[in-house]
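Okay, so here's the structure we're looking at.
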Amino acid sequence: SQTIHQWPATLVQPVGSPLSLECTVEGTSNPNLYWYRQAAGRGLQLLFYSVGIGQISSEVPQNLSASRPQDRQFILSSKKLLLSDSGFYLCAWSIVWGTGELFFGEGSRLTVL
Amino acid sequence: SQQGEEDPQALSIQEGENATMNCSYKTSINNLQWYRQNSGRGLVHLILIRSNEREKHSGRLRVTLDTSKKSSSLLITASRAADTASYFCATVLYNNNDMRFGAGTRLTVKP
């Protein structure tokens, strides 16, 4: 069966520090991968998606970047965090691009102080 | 940007009662999906209904879709305290397959 792992679960970082959130999927090949951000009490905002190794599409201009160094690994990074980067970050994968259901990780809560 | 708008934003009911949540959207869709999120956790897919379907069931869940009104509803029958969670609708847009989430309905089921 397929599983998705996301870490760290909780992160408190000072403004201006770097960020690296990691997500890996097991039990499937060539998944579509996504990074979402969820502000408190809000819906999900799609940040990045990837349909293959090295292929990254960005939905919104921001202080963050994403990379997919391996087929089932998706990394969310920042060189210098802003206060506005605080939030709940969710990694997800899907078999079918666009129309299929998403399978989410447990999320990473980032607090920037 | 959000596409679906859930209504109500919050709903509190007693165990055993039915819970109905609504989702409205603005543009043509390929399909509509409902997800559940326990506090501080990831989202879990509940059900997917395609644009050519009008109703779908899964256990105690019943989803309807009215494309003429651009709306969907999620009914949870005989609710349990364990159903307490936030419920989100997600619309997959017809023209580009983008998936957009609403802000969710927070359901509280009191034992």
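Derivation of every value follows stated rules applied to the coordinates shown; laboratory data play no part. Just so it is clear, the model here is predicted, and its values are computed rather than measured. Glycine gets a Cβ as well: all are built from the backbone with ideal geometry, and neighbour counts include every protein chain shown.
Take B:L75, project a point 7 Å from its Cα along the Cβ direction, then tell me which residues of the range B:15-35 have their backbone nitrogen under 20 Å from it.
B:15-25, B:32-35
Taking R0 as 30 Å, what FRET efficiency do you get between A:S84 and B:N22 from their Cβ-Cβ distance, rounded to the nearest 0.05?
It comes to 0.45.
Under a point-charge model restricted to the Cβ atoms of Lys and Arg (+1) and Asp and Glu (-1), what is the dipole moment magnitude of the range B:1-56 relative to its Cα centre, in debye to the nearest 20?
Taking the Cα centre of the range B:1-56 as origin, the dipole is about 280 debye.
Checking the cross-link filter: which aspartates and glutamates have an alpha carbon closer than 19 Å to that of B:K70, excluding same-chain neighbours under 8 positions apart?
Hits, sequence-local ones excluded: B:E5, B:E6, B:D7, B:E53, B:E55, B:D98.
Compute the distance from the alpha-carbon center of the range A:32-54 to that of the range B:1-49, in whole Å.
Rounded to whole Å, the Cα centres lie 18 Å apart.
Given the Cα-Cα distance of B:A82 and B:N96 and 0.36 nm per residue of separation, how much length would full extension add, in nm? Walk me through the numbers on the way to the answer.
On the way: separation 14, 0.36 × 14 = 5.04 nm, distance 3.59 nm.
My answer for the length gained is 1.4 nm.
Work through the residues other than B:Y94 whose Cβ is under 15 Å from its Cβ and net out their charges, Lys, Arg +1 and Asp, Glu -1.
My count for the surroundings of B:Y94 gives +2.
Just in the range A:12-113: which chymotrypsin sites (Phe, Trp or Tyr not before Pro) are loop by DSSP and have at most 13 other Cβ atoms within 10 Å?
Passing sites in the range A:12-113 are A:W97.
Could you list the chymotrypsin sites (Phe, Trp or Tyr not before Pro) in the range B:33-96 that lie in coil according to DSSP, counting only those with at most 15 other Cβ atoms within 10 Å of their Cβ?
Sites meeting the loop and neighbour criteria: B:Y94.
Tally Lys and Arg at +1 and Asp and Glu at -1 over the other residues with C-beta under 15 Å from the C-beta of A:N32: what net charge comes out?
Overall, the nearby charge balance is -2.
Just to verify a number: FRET efficiency for B:T108 and A:T99, C-beta to C-beta distance, R0 = 41 Å, to 0.05? Mind showing how you got there, number by number?
Numbers: r = 32 Å, r/R0 = 0.78.
Working from the Cβ atoms, E equals 0.80.
Around A:I95, with a cut-off of 15 angstrom between Cβ atoms, what is the net charge of the other residues, counting Lys and Arg +1 and Asp and Glu -1?
Value of the local net charge: -2.
Need one number: nm distance between label points at A:R109 and B:H57, each 7 Å from Cα along Cα→Cβ, rounded to one decimal.
Label at A:R109, label at B:H57, 3.9 nm between them.
Using a Gaussian network for chain A with springs between C-alpha atoms less than 10 Å apart, which of these wobbles most: A:L83, A:L46, A:L33?
Top of the fluctuation ranking is A:L83.
Assuming a ≥ b ≥ c are the square roots of the Cα gyration tensor eigenvalues, decide whether chain B counts as rounded (a/c under 1.5), prolate (otherwise, with a/b larger than b/c) or oblate.
prolate
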